[in-house]
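**Q** For reference, the structure I am asking about is given below.
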Amino acid sequence: MRNATSMLGVLLVAFFIVVAICAPFLAPPSYGDPYQIPRSGWSVTPQPPSAQNPFGTTEGQYDIYYGVVWGTRTAFRVGLIVIGFALTIGMTIGTLAAYFGGWIDELLMRITDIFLAFPFLVGVIVLVTILGPGLNHVMLAMIIFYWMTFARLIRGSILQVKENQYVMAAVALGAPGYGIISRHLIPNSIYPIIIQVSMDMATVPLLAAALSFLGLGAPVGYADWGQLVAFSRNWIISSNGGNPFQFWYTIFFPGITIVLYALGWNLLGDTLRDILDPKMLI
Amino acid sequence: MLGFAARRMLLLPVTILGLTLLIFLFMSFLSPYELLSTYVSDPRQLQGDAAQTLIKQYGLDQPFYVKYVKWIDEVIHGKFGWSVTLNEPVSKAIMQRFPATLELAIYSIIPIILGGIWLGVTSAVHHNKFIDQMLRVFALLGYSIPSFVLGLVILFIFYGVLGWLPPGRLGVNFSMIYDSSSFYHYTGLVTIDALLNGRFWMFLDALKHLVAPVMTLSFLSWAGLLRITRSSMLEALGQDYVRTARAKGLSERVVINKHARKNALIPATTVAGLMFIGILGGVVITETIFNYPGIGSLMAQASEQLDYATVLGITLIYGLVTVIGNLAVDISYALIDPRVRLR
């Protein structure tokens, strides 16, 4: 059972990586910017799956299949950029705080507390409002309010590692500070970070998609899962007596993609936790 | 313990000062005219040459520290500017929307706590058995379904297909009664006010509107609470006093409910406290999907309309709520659990 779910996680993540890499072959872009979803008309009413649009179209005739495929690239890009920068900032601050301790630790952790005072979405929304909507601004705002997790995690981890005798031995041998940090402290405290990153590869693109859902992220027609879901909202709840399942495909395909993507990374993170952190196995 | 509480209390003003400085820093990206909307209490104040006078009056052409002090002065007096979204002062808009979010948070936290703890305890008691594995998958699904997909699916099933749970906070007829002058708003919480006004059907209608968002929030929060409760319950089950209880010949039910669970609940309580603050701090997506008129949906609307004053006002208030709430949770954690010596 456990091995089966682990395998499923690896397969799902691998599948999405392949989709992201092969996007130009799976859904050949027809013109200009490949992230712009092609439209097959201007009609408001979504059209059901057909040979031309395998997953159907949204309102405004955006091809759902194309949006799902290229949206995978968007998801990976957002995840890698936001986590990459947030990790760099967080690791720097966390490492410095834990290594030096004293007033530097106090100062850096108080700054961390200030950023933590914002509920995450509220913080991101206020910044996006001020900077203006758009995917790049969303990513910037997310970086600004996401690094704290990593800072706290690495700080706590290093504080534990620091107590080990091999670190004291290195200090006694007169190893330089950066050597101790890069050769002893970081490599030995990186495991919780790796697990966290895997989980965040699920969470971060979902949060960006949530902002697109609210209309604050990617511009209209940009290949983004959150926007595809937003397009479906008006069509799945029209309780005007018609068949409620008429527009099922508008929510089903983007929705299932998002859930499978996140499930893959979460299963992978769970597996990594089992492998890297046996203490958590209880 | 006292030292810890005192230290955290002393740090509170520092954090709040940093919070206001950071928000003020964000504001400096706005043009003076955009900025003015966060100061005036009526849009008519901005007509004609008035803007220039106001820029002078609020010191917007002056150095950073002067601007900052003047802004703090405004904020302390509850002046957050004019909300374009709701066409009233921001402070009034927040006061009007806050009870709705509070009501949602109160009704959500009950199923979240009961369900999450029950699932966690069940999972731990059946450690590594089939139920445990099933619940693990359930928790992972809870982490993997984003609120906007889950909310829409719930809306689709219970409103689109079944027509049972309409979005909003009250049906049309009842909201007319609610807004009428003969209806007294004692608390701002619709369910309580309806009962106090002797309107039982309105109370039921309000409850009906709460079910869908509460369901969404519960499902999303159960996963986290399940994991915490499970691991602390497993830890408690391995303790000596549990073995002693079993050795005394107590039934397994008593051992689990009376001995192990009580101690396992402490971390779960803390997490539940943080979740409550999280819901108060704006469930932007859930409120937006169900057209629920709380702070979260106001935040989303205001942001879409570039209503700076409202967005900044909400951010400041919610920063304060979060800081004070987290402090309260931390201190109560140390109070409940004498084993905890935080730092």
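**Q** Are any residues in region B:152-205 loosely packed, with under 15 Cβ neighbours inside 10 Å, within 30 Å of A:Ile258 (Cα to Cα) and of a type in the set (Gly, Ala, Ser), and if so, which ones?
**A** B:Gly163, B:Gly168
**Q** Let me ask something else about it. When region B:296-313 is examined, which residues are found to be β-branched (Val, Ile, Thr) and more than 7 Å from every other protein chain (Cβ to nearest Cβ)?
**A** Across region B:296-313, the qualifying residue is only B:Thr310.
**Q** For region B:25-138, please list each of the helices (runs of 4 or more DSSP H) lying entirely inside it that holds at least 1 residues being crowded, with 20+ Cβ neighbours inside 10 Å and away from chain A (no Cβ under 13 Å).
**A** So the answer is B:32-36, B:64-76, B:90-125.
**Q** When you scan region B:221-300 for helices (runs of 4 or more DSSP H) that lie fully inside it, which ones turn up with 2 or more residues that are over 13 Å from the mean Cα position of the chain (by Cα) and surrounded by 21 or more Cβ atoms within 10 Å (Cβ to Cβ)?
**A** B:261-280, B:284-289
**Q** Here's something else I'd like to know. Just a yes or no: is a residue in region A:115-122 facing chain B (nearest Cβ under 10 Å), in contact (Cβ under 8 Å) with a residue 40 or more places away in the chain and within 28 Å of B:Leu298 (Cα to Cα)?
**A** yes
**Q** For region A:39-58, give me the residue count where each residue is surrounded by fewer than 18 Cβ atoms within 10 Å (Cβ to Cβ) and in contact (Cβ under 8 Å) with a residue 12 or more places away in the chain.
**A** 10
**Q** Looking at A:Leu131, A:Leu140, can you tell me which residue is surrounded by fewer than 21 Cβ atoms within 10 Å (Cβ to Cβ) and modelled with pLDDT of 90 or more?
**A** A:Leu140
**Q** In region B:154-201, how many residues are assigned to a helix (DSSP H, G or I), small (Gly, Ala, Ser) and not assigned by TED's automatic domain parsing to the domain that holds B:Leu220? Please lay out each step first, then the result.
**A** Taking region B:154-201 as the starting set, the residues that turn out to be assigned to a helix (DSSP H, G or I) are B:154-161, B:172-179, B:190-196, B:200-201.
Going one step further and asking which of them are small (Gly, Ala, Ser), we end up with B:160, B:175, B:194.
Then keep just the ones that are not assigned by TED's automatic domain parsing to the domain that holds B:Leu220; that gives B:175, B:194.
Going through region B:154-201 one residue at a time, the tally reaches 2.
**Q** Just give me the residues in region B:1-37 being in contact (Cβ under 8 Å) with a residue 60 or more places away in the chain and under 22 Å from B:Thr53 (Cβ atoms), in sequence order.
**A** B:Met27, B:Leu30, B:Glu34, B:Leu35, B:Ser37
**Q** Pull up region B:179-210, narrow it to residues that are hydrophobic (A, V, I, L, M, F, W, C) and under 17 Å from the mean Cα position of the chain (by Cα), then point me to the one that is farthest from B:Phe156 (Cα to Cα).
**A** Among them, the one singled out is B:Leu189.
**Q** Does B:Pro293 fit the bill of being modelled with pLDDT of 85 or more and more than 14 Å from every other protein chain (Cβ to nearest Cβ)?
**A** yes
**Q** Also: Among the numbered criteria (1) part of a helix (DSSP H, G or I); (2) surrounded by fewer than 21 Cβ atoms within 10 Å (Cβ to Cβ), which single criterion is violated by A:Gly264?
**A** Every condition holds for A:Gly264 apart from (2).
**Q** Among A:Leu127, A:Leu87, A:Leu107, which is more than 25 Å from B:Gly296 (Cβ to Cβ) and within 14 Å of chain B (Cβ to nearest Cβ)? Outline the logic, then answer.
**A** Working: A:Leu127 fails: more than 25 Å from B:Gly296 (Cβ to Cβ); A:Leu87 fails: within 14 Å of chain B (Cβ to nearest Cβ).
Going through A:Leu127, A:Leu87, A:Leu107 in turn, the sole match is A:Leu107.
**Q** Does region A:205-220 contain any residue that is free of Cβ contacts under 8 Å to residues at least 60 places away in the same chain, over 25 Å from A:Gly60 (Cβ atoms) and surrounded by 15 or more Cβ atoms within 10 Å (Cβ to Cβ)?
**A** So far as region A:205-220 goes, no, none of its residues is free of Cβ contacts under 8 Å to residues at least 60 places away in the same chain, over 25 Å from A:Gly60 (Cβ atoms) and surrounded by 15 or more Cβ atoms within 10 Å (Cβ to Cβ).
Here's the yes/no breakdown for (1) modelled with pLDDT of 75 or more; (2) closer than 21 Å to B:Gly319 by Cβ; (3) not assigned by TED's automatic domain parsing to the domain that holds B:Gln305; (4) not β-branched (Val, Ile, Thr):
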residue	(1), (2), (3), (4)
B:Pro32	no, no, yes, yes
B:Asp42	no, no, yes, yes
B:Ala50	no, no, yes, yes
B:Lys56	no, no, yes, yes
B:Gly59	no, no, yes, yes
B:Gln62	no, no, yes, yes
B:Lys67	yes, yes, yes, yes
B:Ile72	yes, yes, yes, no
B:Gly78	yes, yes, yes, yes
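**Q** Which residues, counting only those in region A:11-28, are touching a residue at least 24 places away in the same chain (Cβ under 8 Å) and more than 14 Å from chain B (Cβ to nearest Cβ)?
**A** Of everything in region A:11-28, those that are touching a residue at least 24 places away in the same chain (Cβ under 8 Å) and more than 14 Å from chain B (Cβ to nearest Cβ) turn out to be A:Leu11, A:Phe15, A:Ile17, A:Val19, A:Ala20, A:Ala23, A:Leu26, A:Ala27.
**Q** Condition first: of a type in the set (Ser, Thr, Tyr) and at pLDDT below 85. Now tell me which residues in region B:252-288 satisfy that.
**A** B:Thr269, B:Thr270
**Q** Moving on to the next point. Would you mind telling me which numbered condition in (1) in contact with a helix residue (DSSP H, G or I) (Cβ under 8 Å, 6 or more places away or on another chain); (2) part of a helix (DSSP H, G or I); (3) not charged (D, E, K, R) B:Leu306 fails?
**A** Status for B:Leu306: all satisfied but (2).
The values are calculated or read from the model by the stated rules, or taken from the named source; none is laboratory data. Because the structure is a prediction, the values reported are computed rather than measured. Don't worry about glycine lacking a Cβ; one is built from the backbone with ideal geometry, like all the others, and counts go over all protein chains shown.
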